[in-house]
1. Take the Cβ-Cβ distance between residue 12 and residue 86 as r, set R0 to 35 Å, and report the resulting FRET efficiency rounded to the nearest 0.05.
2. What per residue convex hull volume, in Å³, do the alpha-carbon atoms of the range 142-223 yield?
3. Take the alpha-carbon positions of the range 91-216, form their convex hull, and give its projected area averaged over all directions (one quarter of the hull surface) in nm².
4. I'd like the orientation of helix 107-116 relative to the chain: the angle between its Cα long axis and the longest Cα principal axis, in ° from 0 to 90, rounded to 10.
5. What's the percent breakdown of Cα-Cα distances in the range 1-115 across 5 Å bins, shortest bin first?
6. Give me 88, 139 sorted ascending by neighbouring Cβ count inside 10 Å, so fewest comes first.
7. Above 17 Å lies some portion of the pair distances; for the range 122-189, what is it as a whole percent of all C-alpha pairs?
8. Expressed as an acute angle from 0 to 90° and rounded to the nearest 10, what is the orientation of the C-alpha long axis of helix 160-177 relative to the principal long axis of the chain?
């Protein structure tokens, strides 16, 4: 089974294509890394997958349904760039608000996990450290008990220790609860140990997609970073948009 399927998917903003002719299948039960330079189309693809924007061309389905449909939204949890939280609300208020806005929310799990992390319920979210804010956002997402967890650059602003702790939580959820994970990141060294499936975007197009082990074996490269950089160097010049 695939958690996401896209056929000829594209998104255009005025005269520029942020994503073009994207055709791919993302398998269930895997941690999938979406990598590529700034402006490659990573956030656009994720926004299309979670229904935050409509495609200009092609189709995308999530968990067998139309992206953005009620059925898909119930089973997908999304943490956007910079792990956004309401800075003026307390942690307890964030839990209450998320519970109120979702039909499915495991409040006991959320409270227990935040207590385990030592994140005070009465502290305002804006007063938490960057790592704590990221863990709060991730906890609220996981408490929705999703089948698919989508993360957009979740560790970009975190220090190495916070990055490690965040990714450990993601891996635990994927292993223990069978959550499929799709995450975009520039931190290729951090992805090396957690991802099993890779999608490489460049200039709004899919350049490479497949099982990481198979891709490394076929390319002769020793690391994910070497593999990605090799393909990026071969990326042709952008086309003129008309």
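1. The value I calculate is 0.65.
2. In the range 142-223, the Cα convex hull volume per residue is 116 Å³.
3. 8.8
4. So the inclination is approximately 90 degrees.
5. 2, 10, 17, 20, 17, 14, 11, 7, 2, 0
6. Fewest-to-most ranking of 88, 139: 88, 139.
7. 41
8. With rounding to tens, the tilt is 90 degrees.
Rule-based calculations on the coordinates, nothing more; no lab input. Since the model is a prediction, treat every value here as computed from it, not as a measurement. Don't worry about glycine lacking a Cβ; one is built from the backbone with ideal geometry, like all the others, and counts go over all protein chains shown.
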